[in-house]
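Notes follow once the structure below has been shown.
The values are calculated or read from the model by the stated rules, or taken from the named source; none is laboratory data. What you see is a predicted model, and the numbers here were worked out from it, not measured in a lab. A quick note on method: Cβ atoms are made from the backbone with ideal geometry, for glycine too, and the neighbour counts reach across all protein chains shown.
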Amino acid sequence: MEGIINDDLDQQSQRPGPNGPRPFFTKGAKVNIVSAEHDGRTLWLNTSGGAKVIGNKVELDAYSGLSDHDKSHFFVCYRAQNGGIPVIDMADAPNKLFFANLPPAPNRDFRVTELFPGVWATGVTQAVSRLPESRKHVFVYIHGFDWEPGLKLELVPQFVQSYLAHPENSVANVLYFGWPSYGWRKKADDRSIGYGEQFTRNGLFEYFEVLSRKLKEAGKTLNLVVHSFGHQLLNGMINPGEGHTIPTGIFENIFLMAPDVTHLAVQQGGVQLRNMRRKFKGPHFHYNYTPLKQLGKHVHIYYDPSDYLLYVSSKQFNLNENTANFDPRPDAEGLTADFRNLGSYGDEIFKKDPNLKLEDGFNFYNVLDIIKQDTGPKADPLFYSFLDNDDEAMSKARNGDYSSINLLKTFWEKDFLMKHHAYLFSCRPVVAHVLQRLAGVPAQPRVPEEEAPIV
């Protein structure tokens, strides 16, 4: 994989390899990275010349090693635009979709053009039809929360490299769905759900209905993968309000990765949650993932009990700053302040609480179980391997006490926690598991593991 050194290196950022020391790299130097290794939580990249370079000092070209066709994907823009340039700051979502080719052309403004359903569907179908018959699956990929203003285009090559470079890959193309997810969490839930509702009320599912039909005619399938806070947008899309409906059977598979949404979204009938940030004056949130079974043929939910960022998100939503102890009991109006994260608990709470009724038709996978049971070769960290996170604060949280979950830790350890949160797309065992689901291989029953108590 090719890379460019982004700073002048020294003895703290460059180590000698088997061939002994060599001059320190300087900013702008091009390097060829052949493998990687961890020293604790720190990632070191091994160059073809033998020197080891600390990971944060290299800008990697994650498209390296891919064919020209496998580098070529689409950006679907559900953002406001100004003269064809997407608005990266907070702005309302548009009433139509735009698109651009990926990767962006170097040294040129990144511009989008209006998307016309029939023309676009024909273009995507023709592109993927040139591939071998085994490459039959197209992904729509909805990203999560944006910590900083931007289009998050760097996520695309990471996703592409993880799947398209896999020896059993059957993915043909990625349609990266960009949406306005940036802003203070204080208003992010309201805006995200609202943008999802607007998407459906404005008839924007038509773009994917037309594409799905075209792909099926060509023997291909359209699939949806959603990460993290993108599930707030998804919730609005599938619950657009009275007088509006969603289409049927657009997606062959729907993959919910680290869903940053209440676990009660998958209970029978969903749930109505207090809007804590509006101090009970604004509209409440209605969460219900049952309509996903209408939107897609198979719904797969991947969760991780050790994903620290999702516990932080739960605490931020709940607003009980002192103890963040959750009250699981509905009040007299049928509302609840409970927001334990689906991406942290999956279906585990339903197994332990007889008063909760889980909606049928969802497939749950504990990512830690997938990794433990994997018999394949250990993935090179260069290609997004997994590092465990055993922070004691999460054990306390799973016993109902979120007081040790610290928002500031997401800044102190941002690099590690963000990579851990993103590994659902990237570590080799999970990629293999997703590819098996695309192939229609039934999941093996989970091996029971000892679990921390849940209250």
If you go through the range 115-153 one residue at a time, how many are of a type in the set (Phe, Trp, Tyr) and more than 30 Å from Lys414 (Cβ to Cβ)?
-> 2
Would you be able to tell me the number of residues in the range 134-147 that are assigned to a loop (DSSP other than H, G, I, E, B) and closer than 16 Å to Ser192 by Cα?
-> 4
Look through the range 36-63, keep the residues that are closer than 18 Å to Val160 by Cα and touching a helix residue (DSSP H, G or I) at 6+ places or on another chain (Cβ under 9 Å), and return whichever of them is surrounded by the most Cβ atoms within 10 Å (Cβ to Cβ).
-> Ala62
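In the set Gly236, Gly230, Gly249, Gly243, which member is farther than 21 Å from His143 by Cβ and touching a residue at least 24 places away in the same chain (Cβ under 8 Å)?
On the way: Gly236 fails: farther than 21 Å from His143 by Cβ; Gly230 fails: farther than 21 Å from His143 by Cβ; Gly243 fails: touching a residue at least 24 places away in the same chain (Cβ under 8 Å).
Result of the check over Gly236, Gly230, Gly249, Gly243: Gly249.
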State which residue is surrounded by the most Cβ atoms within 10 Å (Cβ to Cβ) when the search covers only the range 258-273 and only residues that are over 14 Å from Ile301 (Cα atoms) and small (Gly, Ala, Ser).
-> Gly270
How many residues does the range 221-251 contain that are farther than 14 Å from Gly144 by Cβ and in contact with a His (Cβ under 7 Å, 6 or more places away or on another chain)?
-> 3
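Conditions (1) closer than 24 Å to Ala439 by Cβ; (2) surrounded by fewer than 23 Cβ atoms within 10 Å (Cβ to Cβ), marked per residue:
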site: Val128; (1), (2): yes, yes
site: Leu131; (1), (2): yes, yes
site: Lys136; (1), (2): yes, yes
site: Asp146; (1), (2): no, yes
site: Pro149; (1), (2): no, yes
site: Val160; (1), (2): yes, no
site: Pro167; (1), (2): yes, yes
site: Ala172; (1), (2): yes, no
site: Tyr182; (1), (2): no, yes
Assess whether Leu66 counts as being touching a Gly at 6+ places or on another chain (Cβ under 9 Å) and modelled with pLDDT under 90.
-> no
Mind checking which residues of the range 283-298 are at pLDDT 95 or above, more than 17 Å from Ser212 (Cα to Cα) and not hydroxyl-bearing (Ser, Thr, Tyr)?
-> Asn288, Pro291
Scanning the range 299-348 for residues that are at positive phi and out of contact with any strand residue (DSSP E or B) (no Cβ under 6 Å at 6 or more places or on another chain), which turns out modelled with the lowest pLDDT?
-> Gly334
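I'd like to check which helices (runs of 4 or more DSSP H) are fully inside the range 382-448 and have at least 2 residues that are closer than 14 Å to Val367 by Cβ and among the aliphatic types (A, V, I, L, M).
On the way: elements: 392-398, 409-412, 414-422, 428-438.
The qualifying helices (runs of 4 or more DSSP H) are 428-438.
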Log entry, pairs with first residue in the range 189-206 being assigned by TED's automatic domain parsing to the domain that holds Pro240, second being basic (Lys, Arg) and assigned to a helix (DSSP H, G or I), beta carbons closer than 8 Å, six or more apart or on different chains, reads Asp189/Arg277; Asp190/Arg277; Asp190/Arg278
Counting only residues that are part of a loop (DSSP other than H, G, I, E, B) and in contact (Cβ under 8 Å) with a residue 60 or more places away in the chain, the range 354-370 contains a total of 4
Which of the residues belonging to the range 1-34 are small (Gly, Ala, Ser), surrounded by fewer than 12 Cβ atoms within 10 Å (Cβ to Cβ) and either in a loop (DSSP other than H, G, I, E, B) or touching a helix residue (DSSP H, G or I) at 6+ places or on another chain (Cβ under 6 Å) (or both)?
-> Gly28
Matching residues in the range 113-124 - criterion: being over 22 Å from Asp68 (Cβ atoms) and touching a residue at least 12 places away in the same chain (Cβ under 8 Å) = Glu114, Leu115, Pro117, Gly118, Ala121
Of the numbered conditions (1) at positive phi; (2) in a helix (DSSP H, G or I), Gly150 satisfies every one except a single condition; which is it?
-> (2)
Select from the range 35-45 the residues that are touching a residue at least 60 places away in the same chain (Cβ under 8 Å) and assigned to a strand (DSSP E or B) and list them in ascending order.
-> Ser35, Ala36, Glu37, His38, Leu43, Leu45
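Being surrounded by fewer than 17 Cβ atoms within 10 Å (Cβ to Cβ), outside the structural domain of Asp39 (by TED's automatic domain parsing), of a type outside the set (Val, Ile, Thr) and farther than 17 Å from Asp260 by Cβ: is that true of Ser385 here? Give the derivation first.
On the way: surrounded by fewer than 17 Cβ atoms within 10 Å (Cβ to Cβ): no; outside the structural domain of Asp39 (by TED's automatic domain parsing): yes; of a type outside the set (Val, Ile, Thr): yes; farther than 17 Å from Asp260 by Cβ: yes.
Criteria not met by Ser385.
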Please state which of the following conditions Phe98 fails to meet, knowing it meets all the rest: (1) surrounded by fewer than 18 Cβ atoms within 10 Å (Cβ to Cβ); (2) free of Cβ contacts under 8 Å to residues at least 60 places away in the same chain.
-> (1)
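Go through Leu131, Leu66 for me and flag whichever is more than 30 Å from Leu9 (Cα to Cα) and touching a helix residue (DSSP H, G or I) at 6+ places or on another chain (Cβ under 9 Å). Quick ask: steps written out before the conclusion?
Values: Leu66 fails: more than 30 Å from Leu9 (Cα to Cα).
Testing whether each residue is more than 30 Å from Leu9 (Cα to Cα) and touching a helix residue (DSSP H, G or I) at 6+ places or on another chain (Cβ under 9 Å) leaves just Leu131.
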Can you tell me which residue within the range 198-220, out of those that are surrounded by 18 or more Cβ atoms within 10 Å (Cβ to Cβ) and in contact with a His (Cβ under 8 Å, 6 or more places away or on another chain), is farthest from Ala121 (Cα to Cα)?
-> Thr200
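Yes or no: the range 355-377 includes at least one residue that is modelled with pLDDT under 80, assigned by TED's automatic domain parsing to the domain that holds Gln158 and closer than 23 Å to Leu155 by Cα. Let's see the steps before the verdict.
So the first thing to find is which residues in the range 355-377 are modelled with pLDDT under 80, and the list is 375-377.
Now restrict to residues that are assigned by TED's automatic domain parsing to the domain that holds Gln158: 375-377.
From what is left, the residues that are closer than 23 Å to Leu155 by Cα are none.
No, the range 355-377 contains no residue that is modelled with pLDDT under 80, assigned by TED's automatic domain parsing to the domain that holds Gln158 and closer than 23 Å to Leu155 by Cα.
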